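**Q** Let me give you the structure first, and then I'll get to my questions.
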Amino acid sequence: MNLSNNTILITGGAGGIGLALAEELLKYGNKIIISGRNFEKLRQAQNKFPALEIIQCDISKEDDVKKMVQEIQQKFPDFNFLINNAGLMKMWNIQKEPTNIKEQKEEILTNIFGTFQLTQSLIPHLSKQKQSTILNVSSVLAFVPMSATPIYNATKAAIHSQSISIRQQLQNTSIKVFEVLPASIETQMTTDMEKITGIQNNSPKMLPDKLAMLIVKGLQNNTFEIRPGMANMLYHIHRLFPSLAQNILRKQSEKILSKL
Ligand SMILES: NC(=O)c1ccc[n+]([C@@H]2O[C@H](COP(=O)([O-])OP(=O)(O)OC[C@H]3O[C@@H](n4cnc5c(N)ncnc54)[C@H](OP(=O)(O)O)[C@@H]3O)[C@@H](O)[C@H]2O)c1
């Protein structure tokens, strides 16, 4: 696909993988809009990269998503590239804390419903453009769950499945649907997990800027399912030896669960 002169919305774009993608895609001459819940974080990202446009939006809130969709359509008529990157990951020891409906809903609303609502609302606009792209950021945990994050794994499996469905449904349109399934990346999400448990991840973490470069390469090569680094290895182990792949993550989960 052509990676220049696009108008791109990156949800959760003020930090981590989203900001690294924004930085990388700016180099290719794209217009980038980033969104997120925390306005101050968005402003800081804009101070670092003044070309960025910002929109405050909590994608777990239906009305926020509706407002952002309107703003995008009105202010950015050339909008043609949606990156669904915003996400939350929480650890749950289901024996110690069997139900926490509020927080579990927040995780599901953000990772699944908000992402679906935003995508579906923007499809009519995207399909009018000559070339459009949707990139979903899911996770290798969509294939091989890490039991310490049970809701998160399920949400990413949902995003993986939805990516296949919409790719098929949109195959005769101008919209191409990509998915990236990273393994462990050095961001606030993994740092928070280590801080809470005091446990270091036992596999090396990829830096977000390296991931952003691999994603761009995948997009350029029309690789619709991008599995960077360790994610590809884990995916292939899982295809041949599912129990082995599950056991690799099980050990890490057991250590984490003992701290929750
Ligand atoms: N780090 C990893 O190891 C890893 C691996 C595989 C996949 N991923 C996925 O990569 C994506 C980015 O994560 P990251 O690692 O870069 O973590 P991160 O630094 O924590 O970034 C997550 C972003 O999502 C935004 N966000 C969270 N809830 C939101 C909501 N309800 N509405 C709007 N924005 C929201 C946050 O911004 P605000 O707080 O300002 O809202 C933040 O910018 C996520 O989908 C994650 O699941 C990460």
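**Q** At a Förster radius of 30 Å, what calculated FRET efficiency corresponds to the Cβ-Cβ distance of T191 and N247, to the nearest 0.05? Display every interim value, and only then the final one.
**A** Values: r = 26 Å, r/R0 = 0.85.
Efficiency computed from Cβ-Cβ geometry: 0.70.
**Q** I've got another one for you. Subtract the Cα-Cα distance of M1 and E106 from 0.36 nm times their separation in residues, and report this length gain in nm to one decimal. Don't skip to the end; give the middle numbers.
**A** On the way: separation 105, 0.36 × 105 = 37.80 nm, distance 3.42 nm.
The M1-E106 span can extend by a further 34.4 nm.
**Q** Within region 122-251, how many lysine pairs that are 8 or more places apart, or on different chains, have C-alpha atoms less than 20 Å apart?
**A** 9
**Q** For region 1-135, what is the Kirkwood estimate of the hydrodynamic radius, computed as the reciprocal of the mean inverse distance between distinct Cα atoms, to one decimal in Å? Spell out each step's value before the answer.
**A** Numbers: mean 1/r = 0.0648 Å⁻¹.
Here the Kirkwood hydrodynamic radius works out to 15.4 Å.
**Q** List the residues, sorted by chain then number, that are 5 or more residues from I226 or on another chain and whose placed amide H is less than 5 Å from its amide H.
**A** Here E179, V180, L181 satisfy the definition.
**Q** Then there is this: Which value, in debye to the nearest 20, gives the size of the charge dipole of region 19-115 about its Cα centre, when Lys and Arg are +1 and Asp and Glu are -1 at the Cβ?
**A** Around 120 debye, computed over region 19-115.
**Q** On to the next question. Return the sequence-ordered ³J(HN,Hα) values of region 82-96 in whole Hz as given by the Karplus equation 6.51 cos²θ - 1.76 cosθ + 1.60 applied to θ = phi - 60°, using x for Gly and Pro.
**A** 9, 10, 8, 10, 4, x, 10, 10, 10, 9, 9, 9, 5, 7, 8
**Q** Oh, and also: What are the residues whose amide H is under 5 Å from the amide H of I32, where those residues sit 5 or more places off or on another chain and H is modelled from the backbone?
**A** Distant-sequence amide H within range of I32: I8, E53.
**Q** Next question. Just to check, using Stokes-Einstein with a Kirkwood Rh over alpha carbon pairs, what's the diffusion coefficient of region 128-225 at 25 °C and 0.890 mPa s in µm²/s? Intermediate values should be presented prior to the final figure.
**A** Values: Rh = 14.9 Å.
Estimated via Stokes-Einstein, D reaches 165 µm²/s.
**Q** Also, I was wondering about something else. Relative to the Cα centre, what is the charge dipole magnitude of region 82-147, using +1 at the beta carbon of each Lys and Arg, -1 at the beta carbon of each Asp and Glu, and rounding to the nearest 20 debye? Kindly include the intermediate steps, with their values, before the conclusion.
**A** Values: 6 positive and 4 negative charges, 44 e Å.
Around 220 debye, computed over region 82-147.
**Q** Here is a follow-up. With +1 on each Lys and Arg Cβ and -1 on each Asp and Glu Cβ, and nothing else charged, work out how big the dipole of region 168-223 is about its Cα centre, in Debye to the nearest 20.
**A** Values: 5 positive and 5 negative charges, 35 e Å.
Dipole of region 168-223, to the nearest 20 debye: 160 debye.
**Q** Hey, what does the equivalent ellipsoid look like for region 70-206, semi-axes from the Cα gyration tensor as sqrt of 5 times each eigenvalue, largest first, whole Å? Before the final figure, lay out each step's value.
**A** On the way: eigenvalues 193, 49, 40 Å².
Whole-Å semi-axes of the equivalent ellipsoid: 31, 16, 14.
**Q** Here's another thing I want to ask about it. Run through every distinct alpha carbon pair of region 188-247 and return the Kirkwood hydrodynamic radius in angstroms, one decimal place.
**A** Working: mean 1/r = 0.0740 Å⁻¹.
By the Kirkwood definition, the hydrodynamic radius is 13.5 Å.
**Q** Region 32-80: Rg/Rh from Cα coordinates, Kirkwood Rh? Numbers along the way, then the final one.
**A** On the way: Rg = 11.0 Å, Rh = 11.3 Å.
Result: Rg/Rh = 0.98.
**Q** Which of the peptides 237-249, 168-180, 205-217 is most tightly packed, and how do the rest follow, judged by the mean count of other Cβ atoms within 10 Å per residue?
**A** Working: 237-249: 14.2, 168-180: 16.8, 205-217: 18.5.
Top to bottom by mean Cβ count within 10 Å: 205-217, 168-180, 237-249.
**Q** What residue among N38, I175, G13 has its Cα farthest toward the positive end of the dipole of the chain, where the charges are +1 on Lys, Arg and -1 on Asp, Glu, each on the Cβ?
**A** So the residue we want is I175.
**Q** Please turn the phi angles of region 45-54 into ³J(HN,Hα) values with the Karplus equation 6.51 cos²θ - 1.76 cosθ + 1.60 (θ = phi - 60°), one per residue in order, whole Hz, x for glycine and proline.
**A** So the J values, rounded to whole Hz, are 5, 5, 5, 6, 10, x, 6, 6, 9, 10.
**Q** Here is a follow-up. Report Rg/Rh for the chain, rounded to two decimals, where Rg is the Cα radius of gyration and Rh the Kirkwood radius.
**A** Working: Rg = 17.8 Å, Rh = 18.7 Å.
With Rh from the inverse mean 1/r over Cα pairs, Rg/Rh is 0.95.
**Q** Between K210 and E62, what FRET efficiency comes out of the Förster formula 1/(1 + (r/R0)^6) with R0 = 30 Å and r the beta carbon distance, rounded to 0.05? If you can, show how the numbers build up before the last one.
**A** Details: r = 35 Å, r/R0 = 1.18.
After rounding, the FRET efficiency stands at 0.25.
**Q** Follow-up. How many nm separate the modelled label positions at I199 and N38, each set 7 Å beyond the Cα in the direction of the Cβ?
**A** 2.5 nm
**Q** Cα to Cα, under 14 Å, and not fewer than 8 places away if on the same chain: which aspartates and glutamates meet these conditions relative to K66?
**A** D58
**Q** On to the next question. Given H placed 1.01 Å from N in the peptide plane, which residues other than close sequence neighbours of L88 have an amide H under 5 Å from its amide H?
**A** N111
**Q** Determine which residues of region 26-46 fall in the zone a paramagnetic label at S174 would reach in this model, i.e. backbone nitrogen under 20 Å from the point 7 Å along Cα→Cβ.
**A** 29-33
**Q** Follow-up question, since we're still on this one. Give the Kirkwood hydrodynamic radius (Å, one decimal) of region 77-154, defined as one over the mean of 1/r across all pairs of different Cα atoms.
**A** Details: mean 1/r = 0.0704 Å⁻¹.
Hydrodynamic radius (Kirkwood, Cα only) of region 77-154 equals 14.2 Å.
Since every read-out is calculated from the coordinates, none of them should be taken as a lab result. Owing to the predicted nature of the structure, the values given are computational and were not obtained by experimental measurement. Every residue, glycine among them, receives a Cβ derived from its backbone with ideal geometry; neighbour counts consider all protein chains shown.
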